[in-house]
Amino acid sequence: MAPPYLSWILIAMKNSDTYLSLWPLTDQAWQTSHLGHALIVEGNPSKAYDLGLALSRQLVCEAQGDRTCSCRSCSHEITQHPDVMRIQPEKERIRRQALQMILQNVNRPPLWSPRLVIWIEEAHRLTDAAQSYLLKSLEEPPSFLVFILTTDQSHALLATVKSRCQLLRAEPDLLDLAKDFDPEQFFQGKELTRDAIIRFSYWARSFYRHRQNPSWLALWEAGYQAYRHVNANGAQELAKEILRNAYDHVHQ
Ligand SMILES: [Zn+2]
């Protein structure tokens, strides 16, 4: 079997734009106490799907590890995981009965994981009756249960459903970040903010896409590490050192 972190890298490679747009969000997910019990993931279908997948993986990780984790859950195909239940439309609708079948069985604890994830894909296709039914579960979920609703049309969801969910956007407006980026100015800057690191990484990523040179990929990855350090404990000096080393390597 492929090493587990590979699935992350595969997500990244499959859609590199998605990977970096997900950053701030998956980092929140890593500190899962920041996540509620019901999440609406909104974005274009493939990005929302990728984020739904990434969040599910994190939520069922048995070690609460990062993307290099090799626990049983992280090594397993997430869409086939016993504690990830996916609900998909049938004939462009998700009906009450389909939800009922799943939700009636959610009082069992998860088999492997700390959580049981119910992932409703294309949630805007839930009928009103299905949404009303869902609402009851959203009101008093068992502590281990997390709902993920992926959609590109959250406006189609009932206000009562939305008000009980945390909204995550699968495509923050970060696309222009690489433009006019000056790395030397970046290193001279006093403050190394998370936003600045994301800009840096976007910039590295745009070079990587054009040149397909592995050291640019390493720079992009360094951005990821730096972001985590700053996010976790504000370790700006360490983050800067990581980025500086990777940057110098690119320019050798
Ligand atoms: Zn794990």
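Every read-out reported here was derived from the displayed coordinates using simple, explicitly stated rules and does not represent laboratory data. Quantities reported herein were computed from a predicted structural model and do not represent experimental measurements. Cβ: placed from backbone, ideal geometry, glycine included. Neighbour counts: every protein chain shown.
Listed by chain and number, the lysines placed with their C-alpha closer than 19 angstrom to that of residue 190 are 240; residues fewer than eight positions away on the same chain are left out.
If I stretch the segment between residue 166 and residue 139 completely, what's the gain in nm (0.36 nm per residue apart, minus their alpha carbon distance), one decimal?
Values: separation 27, 0.36 × 27 = 9.72 nm, distance 1.35 nm.
The span from residue 166 to residue 139 would gain 8.4 nm if fully extended.
With Cα atoms as the point set, the radius of gyration and Dmax of the stretch 183-250 evaluate to 11.0, 34 Å. Summing +1 for each Lys or Arg and -1 for each Asp or Glu among the other residues whose beta-carbon sits under 11 angstrom from that of residue 130 gives +3.
With R₀ set to 25 Å, the beta-carbon distance separating residue 244 from residue 68 gives a calculated FRET efficiency near 0.60. Listed by chain and number, the lysines whose alpha-carbon sits under 30 Å from that of residue 91, ignoring those within fewer than 8 places in the same chain, are 14, 47, 136, 162.
Computed over the stretch 47-166, the convex hull of the alpha-carbon atoms projects to a mean area of 7.2 nm².
Sparsely packed loop sites in the stretch 188-251 (the trypsin sites (Lys or Arg not before Pro) outside DSSP H, G, I, E and B with at most 10 other Cβ atoms within 10 Å) comprise 190. Sites listed here are trypsin sites (Lys or Arg not before Pro) in the stretch 96-156 whose DSSP assignment is loop and whose Cβ has at most 16 other Cβ atoms within 10 Å, and the list is empty.
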